[in-house]
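The structure appears below as structure tokens.
Read-outs: derived from the displayed coordinates by stated rules, not from any lab. Every value quoted in this text rests on a predicted model; they were computed, and no experiment measured them. Positions of Cβ are backbone-derived with ideal geometry, glycine not excepted, and every protein chain shown enters the neighbour counts.
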DNA sequence: AGCAATTGTTGTCGTCAACAACAATCTTTC
DNA sequence: GAAAGATTGTTGTTGACGACAACAATTGCT
């Protein structure tokens, strides 16, 4: 623990005090030093995640679909007949939470729960017919969102990002 | 692309006894196709963000500091005397939320609110003496966490990531 | 002086993750 | 084949979090 004598504590010199007398505070938000925060992957990723989430929501606002709902429908569309547990595990969401997500999607007639014959505890998940066509539209909008990402960080950077984080899917 | 979905539960066999050694199939989670989800930056980022957040919490569990608390203390440590509004704006958190964060940190004697002379509405935020030494320890643990990130995605990739997402800090 | 804006604070609402508990239904074991 | 154990879907609770709204105190503006 250490140290009474701080070694590199505030590299920002004493005069960094923010002269607050006059009226110099408008958008100095980004003039404030982040110090050690810059260089932390978690912080950058968190900020980026917030941005990308908001853009997704905005881009898909006309169809009222949020990222989690989109991921659920995509997985069901690609793997019809999955159980709720399988979907929850695959997407890393609590099965308790998936219940509400499916309730909502089922109320909107996008997905349906079919009682499984082989295991009467579980439900086989399927897209409805309108769910299929809806998902196609969602995918078009999601592609548009993805283009926003390219515009934001660059086409090459987006691909590099997917390559780096590919192991987390 | 895409490839249909071969994944199906036991296909309706009347007597489906796992004909082989016990030991059920544990997690076929990653055998399930994600289809269009792969290739979505948001999904990859979300999963990565969850991982990195959890590792941060785990690594700093001994000091009971979470990412947001760490970011608040880091900014205050690097810019003593900031107002709550300035900190909130810089970190992109609601000032209403910052109130609770500071309440918690102040209760733990890590930061202090000093009544500003120049503007009696606002508080100047400072680290306490124990707060300074505590932050030094937090930074060491955070550096350890950052090494976990390197181990996970590679040193070069982490740097590339920071470069790509640098604009979001 | 008077009125708009800012700061910190409290409170509400809706989202979300992490659990705990439960009934119904398999699976295992004796 | 019946009891014990595990799994699936469900409901409910808790706590963290963001988005807002309202408010008192205090500036700033004119």
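Any idea which of (1) within 19 Å of residue B:138 (Cα to Cα); (2) within 14 Å of DNA strand C (Cβ to nearest atom); (3) surrounded by 14 or more Cβ atoms within 10 Å (Cβ to Cβ); (4) more than 9 Å from every other protein chain (Cβ to nearest Cβ) is the one residue B:67 doesn't satisfy?
If we test residue B:67 against (1) within 19 Å of residue B:138 (Cα to Cα); (2) within 14 Å of DNA strand C (Cβ to nearest atom); (3) surrounded by 14 or more Cβ atoms within 10 Å (Cβ to Cβ); (4) more than 9 Å from every other protein chain (Cβ to nearest Cβ), just (4) comes out false.
Can you find a residue in region B:130-145 that is within 13 Å of chain A (Cβ to nearest Cβ) and in a loop (DSSP other than H, G, I, E, B)? Before the answer, list the steps.
Kept after step one, since they are within 13 Å of chain A (Cβ to nearest Cβ), are these residues of region B:130-145: B:130-145.
Restricting the remaining residues to those that are in a loop (DSSP other than H, G, I, E, B) gives none.
No - not one qualifying residue is present in region B:130-145.
The conditions are (1) within 13 Å of DNA strand C (Cβ to nearest atom); (2) surrounded by fewer than 20 Cβ atoms within 10 Å (Cβ to Cβ); (3) more than 26 Å from residue A:167 (Cα to Cα), and residue A:85 fails exactly one of them. Which is it?
(3)
For residue B:151, all conditions in the list (1) within 23 Å of residue B:49 (Cα to Cα); (2) surrounded by 13 or more Cβ atoms within 10 Å (Cβ to Cβ) hold save one; what is the number of the exception?
So the condition that residue B:151 fails would be (2).
Of everything in region B:99-121, what is within 12 Å of DNA strand D (Cβ to nearest atom), within 14 Å of chain A (Cβ to nearest Cβ) and not in a loop (DSSP other than H, G, I, E, B)? Give them in sequence order.
Result: B:115, single match.
Can you find a residue that is more than 11 Å from DNA strand D (Cβ to nearest atom), within 9 Å of chain A (Cβ to nearest Cβ), buried (at least 22 other Cβ atoms within 10 Å of the Cβ) and closer than 17 Å to residue A:47 by Cα anywhere in region B:88-96? Working first, answer last.
Initially, region B:88-96 is screened for residues more than 11 Å from DNA strand D (Cβ to nearest atom), giving B:89-90.
Restricting the remaining residues to those that are within 9 Å of chain A (Cβ to nearest Cβ) gives B:89-90.
Next, from what is left, pick out any that are buried (at least 22 other Cβ atoms within 10 Å of the Cβ): B:90.
So of that shortlist, the ones also closer than 17 Å to residue A:47 by Cα come out as B:90.
Yes, some residue in region B:88-96 is more than 11 Å from DNA strand D (Cβ to nearest atom), within 9 Å of chain A (Cβ to nearest Cβ), buried (at least 22 other Cβ atoms within 10 Å of the Cβ) and closer than 17 Å to residue A:47 by Cα.
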